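Contents: one structure, followed by commentary.
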Amino acid sequence: MPEGYRLQGPGLNMTGELSGYDAVAEARSVRHVLDIHWSRICSRLQTEVGEVEYRTWLKQISIGPVDGDEITLNLPTRFLRDWVRTQYGDRLSALWNAELPAIRRVELQVGRPDPVAEPAGDEAGAAEAAPAAAPVEERVAEARGELSRHDMAAPLDPRFTFDTFVVGKPNEFAYACARRVAERPSSPGFNPLFLYGGVGLGKTHLMHAIGSELTRGGQVSVAYMSAEKFMYRFIAAIRSQSTMEFKEQLRSVDVLMIDDLQFLIGKDNTQEEFFHTFNALVDAGRQIVVSADKSPSDLSGLEDRLRTRLGCGMVADIHATTFELRISILESKAAASGVAVPAKVLEFLAHKITSNVRELEGALNRLIAHANLFGRPVTLEATQDVLHDILKAHDRRVTIEEIQRKVAEHWNIRLTDMSSARRARAVARPRQVAMYLAKQLTSRSLPEIGRKFGNRDHTTVMHAVARVTELMERDSAFAEDVELLRRMLES
Ligand code: ADP
Ligand code: MG
């Protein structure tokens, strides 16, 4: 890759040196970050206003430059610009501001996309890689609910590949199954492939990865769509009396992937249609991949015969992430962004945001965007600042038990040693830190804290607090450790 195209900008390296500064690379880098935010705003808008509205009006927006606290959004015609401004202007400002608090205003103008947005070969960002807006007649047809030829399936997101999927204990089985299907689709035992797990754990990512892998050679046709879209298309086909076409189109693909199948619960007609499509495809030796939030047997409300068929191939679950996996994912995403994010910050995020990968990624993306937009290095302080709203949502009241657990984990000692009589430095020091943090972070009195640490006297707690304070002044590495723990626990 040419030197100038590294996704690296000034102010991003931790020493603050302007190493390898290149204005084009910097512009692209900021661009890439804005694109990430924009694609998130777009998916929000899509759910808020519905597919038809979105595609008719909003999809034509391209993002322009940021100037101070204002971002420019371009629309191809004055009519569209005025319409979007009156109908969605405020909402767009609010969404941008929620993504990037530094952006306070949205300027809508008639114009072409920013020249920097031109795809940069392999590094095309999310929005850059999006397909061009459909021709006008097609948009009109769609707005009327008619079936569009090109819109049978959703495009595959080029970011969701096997290469960018980080494998760990919780997802290794699902990953292996997905790889296997991508290598040899329609093998017995792997058809259908049913992936399930909680929100934001990588189901969609794996499905897109299978799709991208299979379509690479250009021989295999893949249709990927959400169950919701399947239903929407089906209903539109009924309305426009083109169900035959709909069926034929679906049955002509080599691989059909339906995401978030739980959406079909209670939608009996659509389920029925899906069941027939499913059977026709499997009978013809085509591959089906389905995802859902639960296993087939737990998806109550699904027709029994469909449930049975879904469970016939390979069922693979994705478990909740572990701390190790979260760290690996953050490391990989930080490295791909080209922004230097200190290990302490990654650890902090992995401890704080445990719900799902999407949120974790969102938090990291926001940090990276800030680093890029404002040229500030990423530090623990900056992280708390930039992410205060996300972190607040994850905060709970901290308990002494939690403090003991986190401290024990951090220094790799047994939890029982928090209250044991052992006095070896390796356990006594962490215990003192836990007492110190209990004093700092909870409203418990010294005797109460002492009781929780194996019935120790309040003077022992006092001594611990004094000792840790003193050590923190003398030893900056130790101080940083304690500080990190405090931030992790803080509410
Ligand atoms: P789901 O469909 O299960 O709700 P997604 O596949 O949409 O979740 O994942 C949410 C986000 O997290 C996506 O941006 C995806 O790329 C990312 N993600 C999830 N798991 C991983 C992983 N193991 N490695 C890298 N990125 C991941
Ligand atoms: Mg999904």
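The values are calculated or read from the model by the stated rules, or taken from the named source; none is laboratory data. Bear in mind the structure is a predicted one, so any value in this text is a computation, not a measurement. Please note: Cβ atoms are built from the backbone with ideal geometry, for glycine as well, and neighbour counts cover all protein chains shown. For the accessible areas, the whole protein counts, side chains as well, though only heavy atoms, and no ligand, DNA or RNA atoms are used. Shrake-Rupley method; radii C 1.70, N 1.55, O 1.52, S 1.80 Å.
Worth a mention:
- With contacts taken as Cα pairs under 8 Å at a separation of at least 6 residues, the stretch 172-318 carries a relative contact order of 40 percent.
- Cα-Cα over 19 Å, subset of 169/392; 59/247; 169/203; 406/439; 203/344; 352/439: 169/392; 59/247; 203/344; 352/439
- Taking the 1.4 Å solvent-accessible surface of the stretch 400-489 as the whole, the part contributed by carbon and sulfur is 47%.
- Centre-to-centre separation between the Cα atoms of the stretch 261-334 and those of the stretch 428-469: 50 Å.
- Accessible area of the stretch 400-489 divided out per residue, in Å², using a probe of 1.4 angstrom: 52 Å²
- Calculated accessible area for the stretch 172-318 comes out at 41 Å² per residue, all protein chains present (probe 1.4 Å; ligands, DNA, RNA ignored).
- Modelled spin-label separation between residue 474 and residue 414, with each label point placed 7 Å from Cα along the Cα-to-Cβ direction: 3.0 nm.
- Highest-first arrangement of 331-337, 442-448, 57-63, 283-289, where packing means the average Cβ count within 10 Å: 57-63, 283-289, 331-337, 442-448
- Cα-centre dipole for the stretch 232-352 with unit charges at Cβ (Lys and Arg positive, Asp and Glu negative), debye to 20: 240 debye
- Accessible surface of the stretch 40-102, 1.4 Å probe, proportion on carbon and sulfur as whole %: 50 percent
- Solvent-accessible area, 1.4 Å probe, carbon plus sulfur percent, for the stretch 172-318: 49 percent
- For the stretch 323-393, alpha-carbon Rg relative to the globular expectation (2.2 N^0.38 Å, N residues): 0.97
- Take each peptide in 88-100, 350-362, count the other Cβ atoms within 10 Å of every residue, and average; sorted highest first, the result is 350-362, 88-100.
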